[in-house]
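In what follows, a structure is listed as structure tokens, so that the remarks can point back to it.
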Amino acid sequence: MTTEHVVPAVLESYGASRSKSHCDYLNIVVPGIYWGRIQIVNGQSVQKKLFYFPAGLPEPIALYPLNEQYGAKDISQQKNPPGKATGVKLAHGYYGQPAGSFYFSGSSSSFVEFPNNGGLDARYSMTFAAWIHPENSAGPLFNYKVNDRGVYVWLESPNKLVAKFEIRDSSQPYAIQSDRIRLKMWNYVAATYDHSAGTARLWIDGKEVSRLNLGRFEISTQGDVRMGALVGDPNFYKGSIACVQIYNKSLSEQEINAVKDRCPIKVQSHHIGCYADKSSPAISSLEGRDPLLDGDPQTREDAKQKCARVALKRGYAYFAIQDGGRCLSSLAAPETYSKYGLSAACQDGKGGKMASDVYEKIKHVGMVGMLFKIPALDSTTTKLPGAEAQAVCRTEKATLAKLNSEDKNYFVFLQLVKPVNPSSSVWIGLSRDAEKKFHWSDGTSMEYANWSPNSPDTSPRNKKNCTNINVYTGLWEDEQFDFTHPFVCGRVVPATPRDIRVKLMDSHSALVTWTSSEHPQQVVTSYYVEYKVANDGQVSLKVVQNHNSTSLTGLQTHAEYQVRVRAVNGAGGGIWSPYQTFSTGKTYPPRIDPSSSVRAQVPGETLVLNCTARGGPEPTITWYKGRKFLHRGQTLVIRNKSSEEHEVYTCRASNGIEPDDIVSVTVTSLVPPVLKQMWGTGTEEEMSIKKGERLSLHCETTNTTFADITWYKDDEPLPGQRSSSSHVINIPEITGDDFGVYECKAQNALGVTSMKMRVVNAERITIMKAAIGCLATLCILLLIAVGVLVWLLIKARKTIQASKDPDEEPEAEEPPIKPAGPRPSDSDFMIPEVRSTGSPGMVTSHSSNSAYTPLKSGSSNGGTSQTYQAS
């Protein structure tokens, strides 16, 4: 579609509007199709250009800039409750802007928590987008639930981005991941879930890097949200995060790239001057080329900052404001902005009719104390020989760029050289002397090198004594000094002052102190101290020379102030420090909150010490080991404990009101628990006690401080209210239910051990002992009685035996039973007649002593038989 296809009669129906510049512009917005403009001169369209841009971007349900200006506030139309930031500090943003992000320290006490009253609940589809600058740790970027992992976006490892979409009211997770995260660099990341398609996607720097079909389900996004650290989870994110956006729909690739710069940022720049313009503009216009440049330029809010941001995104070093708000910028702006000379028609920094206020955007290299730029020269002198380029840099209070580290080299290459896209390589400040040794413009030797494969030329007679950076590769090449090239200048600016501290002198004055860099090249001539009442636009400024402190007087009482410091030298001003807040309200000395004075560290694991304090103003926490400074902040992380058995760390709280508060924490290596003994009022393994008496059991260990003591009775946990301390169990009046087996269990991360003691009723034992005594007595008496009886029986037997006739023959033995034979008849049996012994008629074959006499012989059945008669 082109403008020729847009019939003028229907332009108005699409909401076309006419600008109020010296030329008429017709801004066209065709909903969902194009966003474009037509330049109208004398009623005729002379310039037609349309830009594809989706009209009506979706509104986020939450938008958290996470910067100095907005903090953790939601600036979306939903206006969700602001997040609570704990243990985070401001850091440079994704375009190098100071205080443009939140920095998380990688500890359990460094996090931001967002309350979710329903406004953050996406439920069906969602998109998470943010800028992240990770260092070297894993942890939560955005996690629904503060003490568990719900729907989340995490770094599972330093370079692995993971998004998990959990089914609502369930713990069933579905995760998608990518290992393309770049460490110590800014990454623009996004994660989406499309409910209608059942698809999840991951995006890095606007490009899709992973896709997974999860199926359709409602997602669990109803909980509160944590960033940086969860409750009880050992993984903590370390690095910066900025511009967090949440949508309740799955954004397309085009939409994800369109909202990349949705968060407002503040770009630092300095004014070059007011320059004339003509119908053939010195700098091209950016109007209609970015959604930030919305509406009528003359009524546009914050026109300068919006223009600076658009120039920043496109890599342009210079930009200009014309006619009250129109944004101008281009790659060639540093060469062309002054082609028509100076002008006096600019007003309020927003230019004027045919006049432009020109600005140079300041680029920062972290905190390294260097400022680089490609000088804005006349188009006929853009390329200069090496020596002349150096002379031009010196007029800027700089030298040809000193790229003595990889960070600086690639910053200049990626942020300055490539965006300008010069037609040839660019001079830097490395040259070779008569002794064929390379050194930088300030005379220092070359320690870092980034030469191309065939450089430098080491042939004896070569004249390549200067160095340039290749516009395509970023590598260095040596070159003869009389060749002409564009060039990069660099100057050493003072490092940002640190350790800003405020001590209240009284309710109307305060002493501000700071620490400056001791780098020999970062000479400071003065400091600017800026202070203001919080949320007040009126700023006061003090210039301090030769001191690292100053007094602020005439302060309002019961007011909250902000103060920051900036170092200045002949090369210019450095970067402002972050604001330090103090109060002139009620003042009182710091008091450290109570905490354990002894801590144990598991070998090979990290130990975190926390120290919090109260005071007016809010105290500053500093950690020491002996007299050695370790860390400033509430949390101290001990990663590698020395071989010493005990180490003592000191927490100091100070707020300028004397005296400071100091506590010490002893750290020792953790060992498995060892129970020495368990004792009470009885033996080692059992004790007796009467009802109503006091029961006191002691569990003595060799390392009680470093083990959790738990008490059990009959294998059931004992209620805590009965224990006055973890090592002693006290029962004031013991009852029948209190008797049983008590167990003391000691446990820590390295092991568990226990000891038991039986507690019995002493009264029952007494009764049992009496019963046992009686029983024993009865048993003894019974044994005596039995013994007597046995003795009597034995004596009686002996008496009987002694009374018998000694001449009496023993009774004859019964004859043996005869073998079975014919059954005798009834007549063979006769009742014997009793006779006296020794009667006549005894058979001679039998003994005369026999008591029986045969009566009859014979057998009716042919056998033999005998009948005897008792004698």
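The values are calculated or read from the model by the stated rules, or taken from the named source; none is laboratory data. Predicted model only: the values in this text are computed from it and were never measured. Note: ideal-geometry Cβ built from the backbone for every residue, glycine included; neighbour counts use all protein chains shown. Protein only, heavy atoms only, side chains kept; ligands, DNA and RNA dropped before computing areas. Shrake-Rupley method; radii C 1.70, N 1.55, O 1.52, S 1.80 Å.
Relative to the present Cα-Cα distance, how much length would full extension add between T753 and D593 at 0.36 nm per residue of separation? Walk me through the intermediate numbers first.
Values: separation 160, 0.36 × 160 = 57.60 nm, distance 3.31 nm.
Value of the extension gain: 54.3 nm.
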The range 424-495 and the range 141-206: distance between their alpha carbon centers, rounded to Å: 45 Å
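Determine the gain in length on full extension of the stretch L781-L511; use 0.36 nm per residue of separation and subtract their C-alpha separation, reporting nm with one decimal.
Numbers: separation 270, 0.36 × 270 = 97.20 nm, distance 10.07 nm.
Difference between extended and current length: 87.1 nm.
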Size of the range 200-349 as Cα extents on the principal axes (Å, biggest first): 63, 31, 28
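Listed here are the pairs K713/K745; K503/K586; K306/K339; which of them are more than 18 Å apart at the Cα? Don't jump to the answer; show the numbers that get you there.
On the way: K713/K745 11 Å; K503/K586 13 Å; K306/K339 25 Å.
Listed pairs above 18 Å: K306/K339.
Which order do you get for L90, L251 if you rank them by accessible area with a 1.4 Å probe, largest at the top?
Details: L90 55, L251 5 Å².
Ranking L90, L251 by accessible area, largest first, yields L90, L251.
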In nm, spacing of pseudo-spin labels at S526 and T473 (7 Å Cα→C-beta vector): 4.8 nm
Net +/- balance of residues flanking W451 in space, Cβ distance below 14 Å, scoring K and R +1, D and E -1: -4
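So, in the range 66-209, how many Lys pairs have Cα atoms under 15 Å apart, if the pair is 8 or more places apart or on different chains?
Values: K73/K84; K84/K145; K145/K164; K160/K184.
So the count works out to 4.
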Pairwise FRET efficiency - T484 versus M446, Cβ, R0 = 41 Å, nearest 0.05: 0.95
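What order do E693, E743 take when sorted by accessible area (1.4 Å probe), most exposed first?
Numbers: E693 85, E743 20 Å².
From most exposed to least exposed: E693, E743.
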Between the range 538-554 and the range 758-803, the Cα center-to-center distance that results, in Å: 107 Å
Simple label model, 7 Å out from Cα along Cβ direction - D148 to A771, nm: 5.4 nm
The range 485-604: projected area of the alpha-carbon convex hull, averaged over directions, in nm²: 14.2 nm²
Nitroxide proxy distance, nm - points 7 Å out along Cα→Cβ at K73 and T299: 2.4 nm
Förster-model FRET efficiency, 30 Å R0, T553 and F629, C-beta, rounded to 0.05: 0.45
Gap separating the Cα centres of the range 618-675 and the range 559-597, nearest whole Å: 23 Å
Fraction of accessible area attributable to carbon and sulfur, the range 123-254 (%, probe 1.4 Å): 43 percent
